[in-house]
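One structure is given below, encoded as structure tokens.
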Amino acid sequence: MGVAGRAFGIVGLGVMGGSLSRALKHAGAERVVGFSPDPAETAAAIEAGAIDEGRDAARDTSSGVDWWILATPLAAVEHLLAEPGTPPRAGIMDVASLQGPPLAWADHLGRAAELISVHPMVGSERSGFEASRDDLYVGGRVWLSAHDDASQSLRDDAVSVWKALDAKPEWIDAGEHDERMVGASHLPQVVANALAAVMARRGVRPADLGPGGRDMTRLAASSPTMWTDLLASSGGEVATALRSVADELAALAELLDQGELGGLAARMEQTRAWRRL
């Protein structure tokens with residue numbers, strides 16, 4: 001069914017929700033209603049033409065949206081799914097990055113047939129509506145998971161929405177997704193924080209960085225609120241992965257201490273080959 005001529009409700013108008021609202025309007029959505037707990041953000045979205053109305057689609061059963069999209073921190077998803085005023089006939093998508101918890105909450109609340117959990121592999125270290133853009137999702141991989149109770153028609157419709165935004169939707173098991181994200185997303189974030197902390201202690205300023213340093217520390221500017229919310233669910237697994245990073249760093253330090261540049265080069269060749277896969 002795609003996007004054109006349809007209505008959408010978005011809760012959360014930060015970089016993810018704001019970009020989604022822009023993209024939906026750009027793709028021909030007839031109506032997009034949105035809500036942010038920050039009235040200034042809602043006003044900015046209206047002024048930019050990203051939403052038509054600043055209404056809380058999560059609680060407004062008269063909004064008549066086809067899809068209700070939760071672009072909120074993970075901790076807010078359970079609360080929103082439990083809202084008694086949530087539109088009963090709208091499909092629901094969350095974009096909270098972890099998929100196991102939202103699907104479990106939906107099942108517990110009797111809403112498993114309505115929810116598609118979505119993780120677009122896009123984003124920004126910046127936050128807020130001012131960081132949103134209408135092409136954020138273009139070409140981006142979008143992981144989708146659903147409970148067995150979700151109908152095929154709901155699944156197909158969700159795929160059609162993301163394809164209409166020129167994204168690349170792909171189905172995955174929620175457990176496999178969340179395990180994969182520990183290494184592919186959560187670990188890089190915390191390592192970037194650690195690297196930035198060491199640089200700061202050494203007196204390195206962001207203005208001193210070249211392209212490589214900027215690339216490696218870009219994630220250090222990400223929202224602590226969003227990440228502590230996610231790490232509350234994945235923290236144990238991330239801690240184990242961090243210890244593996246610490247072991248690797250210790251091995252590299254030992255090679256440098258001993259002047260074993262050949263061993264260091266061999267490790268660099270291995271990682272270069274991996275990066276080129």
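So here's what we get for this one:
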read-out: In segment 1-13, residue farthest from residue 81 (Cα to Cα) [restricted to those that are assigned to a strand (DSSP E or B) and in contact with a Phe, Trp or Tyr (Cβ under 6 Å, 6 or more places away or on another chain)]; value: 8
read-out: Segment 160-181, subset among the basic types (Lys, Arg) and in a helix (DSSP H, G or I), residue nearest to the chain's Cα centre (by Cα); value: 180
read-out: Complete set of residues in segment 12-45 that are loosely packed, with under 15 Cβ neighbours inside 10 Å and of a type in the set (A, V, I, L, M, F, W, C); value: 40, 43
read-out: Segment 21-43 residues that are closer than 16 Å to residue 127 by Cβ, paired with ones that are in a helix (DSSP H, G or I) (beta carbon under 8 Å, 6 or more apart); value: 21/45; 36/17; 36/42; 36/45; 36/129; 41/18; 41/129
read-out: Qualifying residue in segment 226-245 (condition: small (Gly, Ala, Ser), farther than 30 Å from residue 16 by Cα and either without any contact (Cβ under 8 Å) to a residue 12 or more places away in the chain or in the same structural domain as residue 190 (by TED's automatic domain parsing) (or both)); value: yes
read-out: Condition check for residue 259: out of contact with any His (no Cβ under 8 Å at 6 or more places or on another chain), not in a helix (DSSP H, G or I) and not assigned by TED's automatic domain parsing to the domain that holds residue 98; value: yes
read-out: Of residues in segment 219-241 being of a type outside the set (Gly, Ala, Ser) and exposed (fewer than 15 other Cβ atoms within 10 Å of the Cβ), the one nearest to residue 198 (Cα to Cα); value: 224
read-out: Only one of 178, 208, 135 that is loosely packed, with under 13 Cβ neighbours inside 10 Å and not hydrophobic (A, V, I, L, M, F, W, C); value: 208
read-out: Yes/no for residue 261 being over 17 Å from the mean Cα position of the chain (by Cα) and surrounded by fewer than 10 Cβ atoms within 10 Å (Cβ to Cβ); value: no
read-out: Filter result for residue 220 (among the aliphatic types (A, V, I, L, M) and more than 17 Å from residue 188 (Cβ to Cβ)); value: no
read-out: Which listed residue, of 157, 149, is surrounded by fewer than 23 Cβ atoms within 10 Å (Cβ to Cβ), assigned to a loop (DSSP other than H, G, I, E, B) and modelled with pLDDT of 95 or more; value: 149
read-out: Failed condition for residue 230, given (1) in a helix (DSSP H, G or I); (2) at pLDDT 95 or above; value: (2)
read-out: Segment 119-140 residues that are farther than 15 Å from residue 162 by Cβ and touching a residue at least 60 places away in the same chain (Cβ under 8 Å), paired with ones that are in a loop (DSSP other than H, G, I, E, B) and not hydroxyl-bearing (Ser, Thr, Tyr) (beta carbon under 6 Å, 6 or more apart); value: 127/14; 128/14; 129/13
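The values are calculated or read from the model by the stated rules, or taken from the named source; none is laboratory data. Bear in mind that the values here come from a model prediction, so they are computed numbers and not experimental data. So basically every Cβ, Gly included, is an ideal-geometry build from the backbone, and we count neighbours across all protein chains shown.
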